[in-house]
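Derivation of every value follows stated rules applied to the coordinates shown; laboratory data play no part. All values reported here derive from a predicted model rather than from experimental measurement. Cβ atoms come from the backbone with ideal geometry, glycine included; neighbour counts cover every protein chain shown.
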Amino acid sequence: MPRFTPRFSHTLIASALVVLSGASWAGGRPDLVLAQLQDAQHERLADQLLVQFKPGVAAMLRQTALDRVGGKLAQHLHGDLHRVTLPAGTDLAAAIRALHGHAAVDFAEPNWVVRHTKVSDDTYYTSGQLWGMYGDTSPLQQNQYGSQAGEAWDKGHFSCKGVLVGIIDEGVQYTHPDLKANHWTNPSEIDGNGVDDDGNGYVDDTHGWDFANDDKSVYDGTFDSHGTHVSGTVGGKGGNGAGVAGVCWKVKMVHAKFLDHGTGSTADAILAVKYITDLKTRHNLNLVATNNSWGGGGYSQGLKDAIDDSGNKNILFVAAAGNGSSNIDITPHYPASYTSANIVAVAALNSNGTLASYSNWGPTSVDLCAPGSGIYSTYPTNSYAALNGTSMAAPHVTGGIALYAKNHPGLTAAQLKTAILGTTTATTSCNGKTVSNGRLNVSTF
Ligand SMILES: [Ca+2]
Ligand SMILES: [Ca+2]
Ligand SMILES: [Ca+2]
Ligand SMILES: [Ca+2]
């Protein structure tokens, strides 16, 4: 990458400083700007500045100023103010000093990142019903036992754009107004041409695949309600003034349907897990987790192997702990009880912080607690409903993983899991019943 050039001789910078302190100094607040640039709290866009030229300066003289820093006029803002792009990796402070030393320049300053402080205006959030997204100090609504997502949003962390998650479940009404923006479409598959364009073994799998019926439709009717609900907790569209908000307001969800009318088989579960893993590697997707709000049956080495393989590809497997009111260290509930290192098993909390009476637990096999009771989310058709279960707790964690991954790119599955468990809040009802002894807290994600 082109780095800064010899134009930045010490002499030039020194002369710039002389001008800065001189009476001819014109505009801007370089003292403030240069101090604030040293503080990472003040986010700025890389490789660009806003530059105001002095009025009436000839274009050729402006160009000599830009040449000092390798700058190019990118956008006229107003008057003599322009957005200027710089070579990749430019030291902005040095560039500002150099420009301020030039006779054509009134001032130069960073293009700061400003963020709208995000408060959900989604109906169920503002009404007090979406407690699983609340935090102790979240705007408008609070619940200390919520996932604290409202606090992360308030800091501008509401988007998981660029991150994908797999939803291994029933089908999903992906045309739902709170889901359609966050539904993944396979860019390597041409729909309706009867050809397996991306060579993954599935013809026309543009919206995922239905392993229960071995077809491409991942929404087959209003009975695909559980998958629709789970998806809205991970990635319901937030800030659109309607319905719910998921932990991630923006994300891409890949749908692998293998439950139909609420039931499925281990064979189809294996196919679904392998399908998601293959999509990640085949298309180099930033897919960091699958949500698995299902369980039952006996031990399957085949399924465990598929889960382990997804972990080898840095996919966390978030599993509902199950709704049997049992210690699954003693009475295993699969897949939550598999020993695979990439499983994150989730127990369910009530809105008052107690462990839900139905929730399984296990000090070695259940990792953390998350909101599970009275959870409002998307529901067929174009509707919303409240459900209870560890099925509702798991997607809060899956969304949290996606949010963390968005803001900490490049982590392994093991590092992501460590981060999620390391940020939990100690919780009496989860103490001795989970690995972390605590509950999900995404406020710092
Ligand atoms: Ca295909
Ligand atoms: Ca095709
Ligand atoms: Ca189908
Ligand atoms: Ca919404």
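Figures for the structure shown
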item: Placed amide H near A345: partners under 5 Å, 5+ positions off or other chain; result: A319, D367, L368
item: Dipole in debye (nearest 20) - the chain, about Cα centre, beta carbon charges: Lys, Arg +1; Asp, Glu -1; result: 1700 debye
item: Paired Rg and Dmax values of region 357-424, which use every Cα atom, in angstrom; result: 14.2, 39
item: Net charge of neighbours whose Cβ lies under 13 Å from the Cβ of N441, counting Lys and Arg as +1 and Asp and Glu as -1; result: -1
item: Radius 15 Å from Cβ of Q38, net charge of other residues (Lys, Arg +1; Asp, Glu -1); result: -2
item: Angle between the chain longest axis and helix 225-235 axis [Cα atoms, degrees, rounded to 10]; result: 30 degrees
item: Computed [θ] at 222 nm, helices only, for the chain once each DSSP H run of length n ≥ 4 contributes -39500 (n - 2.57); result: -8000 deg cm²/dmol
item: Set K313/K433; K257/K313; K161/K313 screened for pairs whose C-alpha atoms are more than 24 Å apart; result: K313/K433
item: Amide proton proximity set for V163, modelled H, under 5 Å, gap of 5+; result: K252
item: Nonlocal amide H pairs with G135, under 5 Å, H built at 1.01 Å; result: N143, Q148, G150, E151
item: P(r) histogram, all alpha-carbon pairs of the chain included - 20 Å bins from 0, percent; result: 25, 43, 25, 7, 0
item: Region 322-442 pair-distance distribution - Cα-Cα, 10 Å bins, rounded %; result: 15, 46, 31, 8, 0
item: Per-residue ³J(HN,Hα) for region 271-279, Karplus 6.51 cos²θ - 1.76 cosθ + 1.60, θ = phi - 60°, Hz, x for Gly and Pro; result: 4, 5, 5, 5, 4, 5, 4, 5, 4
item: Global geometry of region 278-385, whether rounded, prolate or oblate, following the gyration tensor of its Cα atoms and the 1.5 cut on a/c; result: oblate
item: Alpha carbon centroid spacing (whole Å) that separates region 196-257 from region 57-133; result: 38 Å
